[in-house]
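What follows is one structure encoded as structure tokens, with my remarks underneath.
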Amino acid sequence: MIQREIYMKKLRLLRDTNLIKVVTGVRRCGKSTLLEAFRIELKLSGISEKNIISLNFEERENINFVEWIKLYDEIIAKTNPNEKFYIFLDEVQLLTDFEKLVDALFVKKFIDLYVTGSNAYLLSSELATLLSGRYVAINLHPFSFYEYTLAFPEEKNTDRLFRQYMNNSCLPEAVNLSKTAPEIVNDYLQSIYNTVVVKDIVKRHKLRNFANLQRIIEYLFDTVGSLVSPTNIAEALNKNSDKTISHNTVNKLIGFLTDSYLLYSASRYDIKGKELLTTNEKYYVVDLGLKNILQTNHYDRDMGHKLENVVYFELLRRGGEVFVGKNKNKEVDFMVQKPNNAREYYQVSYTVNDEKTFEREFSSLRTIRDSYPKFVLTLDYDNAVIGGIQKLNIIDWLLNPY
């Protein structure tokens, strides 16, 4: 089992606090495994097994729970208000009226509550209203590159491993399969893709036109890291097609895709004007291996956008809100607003060894008139500080995360 240390640290800090711990993320990114690791730590710290109650609502024995009150009574019957109990509810959104169950358990001061869900419906539903200010969301992602290297301890060539990371899946089970049965990895990814698209989106939202959703997914997978808007997506899809789609429909379907954690968005921020812009966003796919389901993967094709995708999720893991920066007429790949009100700026490029690319990437950061840290991340081997801007090898940066 690969230790997901960045997330385990958060769970340790939140243990026994008067907050619900909500772990979210795309299907099969490791939520259940993370909480299992945390339950093991609880036992090792001296917590009795009888004081840990865990229910996974995807398991056959739990799908018969249809009345939240009955389930609540069964859970409470196993507890004692004079002792501390740790309750884990996995994929809780599958239970009807789950919000009421979570709320009823939370008010019991002797219960420390942990829940997981694979759809943002968990936090966009009544739960967020009922428990406003009383929960902390931990968004779990597939393996970082650092975690990925732990799965391949025998591979000492990090350059080769990194290219493998960018072109294959970093979902935990897909990584395991790639070592034992690589020929079925794509079948596994196809099953995840089908579950997310069909179960979490088409069925949940009762979509009648699956073709439109599929067209949008293919378009966004193909334009990872490019600035797009619902209007120009609709225009591109309607071109040379007898099936038209409106920008309102595009906007709605993109919302479903981000709610399912299949895609993540980065809004634009005007650095000089200090305001969020409402036009154009960038979208990043939660697992680059999923692109292989819809597209032929050319190993060294579109490396710049693949690198950008990797950096985007690493920045999310390290904390803060991630935006696309705009400074006058120049674009900054990422501006990160950190929790302590500090900022960081990042440019991502395959290489800056030629003069034109070097000037483009560095000039975007030089024109920012503040003293916050600025980075250019590339696959070049040299690390340097140039005019106050740190040029770092992206692999070195990824392997020294915490």
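Considering K252, K243, K206, K239, which residue is modelled with pLDDT of 95 or more and either of a type in the set (D, E, K, R) or not assigned by TED's automatic domain parsing to the domain that holds Q295 (or both)? Don't jump to the end; show me each part of the working.
Details: K243 fails: modelled with pLDDT of 95 or more; K206 fails: modelled with pLDDT of 95 or more; K239 fails: modelled with pLDDT of 95 or more.
One residue alone meets the criteria, K252.
Conditions tested, residue by residue: (1) out of contact with any helix residue (DSSP H, G or I) (no Cβ under 7 Å at 6 or more places or on another chain); (2) of a type outside the set (F, W, Y); (3) modelled with pLDDT under 85.
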| residue | (1), (2), (3) |
| --- | --- |
| R60 | yes, yes, yes |
| T79 | yes, yes, no |
| K84 | no, yes, no |
| K100 | no, yes, no |
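Scoring T96 on the criteria (1) more than 22 Å from the chain's Cα centre (by Cα); (2) within 22 Å of N186 (Cα to Cα); (3) not small (G, A, S) leaves a single failure, condition (2).
Quick check: anything in the range 39-55 under 28 Å from V285 (Cβ atoms) and touching a residue at least 12 places away in the same chain (Cβ under 8 Å)? Within the range 39-55, none of the residues are under 28 Å from V285 (Cβ atoms) and touching a residue at least 12 places away in the same chain (Cβ under 8 Å). Taking the range 345-388 as the range and being aliphatic (A, V, I, L, M) and under 28 Å from the mean Cα position of the chain (by Cα) as the test, the residues that pass are V348, L365, V376, L377, L379. Whether any residue in the range 327-338 is closer than 30 Å to N139 by Cα, over 26 Å from the mean Cα position of the chain (by Cα) and of a type outside the set (A, V, I, L, M, F, W, C) is what I want to check. Looking for residues that are closer than 30 Å to N139 by Cα, over 26 Å from the mean Cα position of the chain (by Cα) and of a type outside the set (A, V, I, L, M, F, W, C), one finds at least one in the range 327-338, hence yes. L123 passes every criterion in (1) surrounded by fewer than 18 Cβ atoms within 10 Å (Cβ to Cβ); (2) part of a helix (DSSP H, G or I); (3) at pLDDT 95 or above apart from (3). For L237, the test of being closer than 30 Å to P172 by Cα and in a helix (DSSP H, G or I) is failed.
Please find, within the range 363-380, the residue that is surrounded by the most Cβ atoms within 10 Å (Cβ to Cβ) out of those that are touching a strand residue (DSSP E or B) at 6+ places or on another chain (Cβ under 6 Å) and farther than 16 Å from E308 by Cβ. Among residues in the range 363-380 that are touching a strand residue (DSSP E or B) at 6+ places or on another chain (Cβ under 6 Å) and farther than 16 Å from E308 by Cβ, the one surrounded by the most Cβ atoms within 10 Å (Cβ to Cβ) is K374. Among the numbered criteria (1) exposed (fewer than 15 other Cβ atoms within 10 Å of the Cβ); (2) outside any helix (DSSP H, G or I), which one does T129 miss? If we test T129 against (1) exposed (fewer than 15 other Cβ atoms within 10 Å of the Cβ); (2) outside any helix (DSSP H, G or I), just (2) comes out false. Of everything listed in (1) more than 24 Å from E344 (Cβ to Cβ); (2) in a strand (DSSP E or B); (3) acidic (D, E), the single unmet condition for E218 is (2).
Considering only residues that are part of a strand (DSSP E or B) and buried (at least 20 other Cβ atoms within 10 Å of the Cβ), which ones fall in the range 269-278? If the condition is that a residue be part of a strand (DSSP E or B) and buried (at least 20 other Cβ atoms within 10 Å of the Cβ), then Y269 is the only one that fits.
The values are calculated or read from the model by the stated rules, or taken from the named source; none is laboratory data. Because the structure is a prediction, the values reported are computed rather than measured. We place every Cβ from the backbone using ideal geometry, glycine too, and count neighbours over all the protein chains shown.
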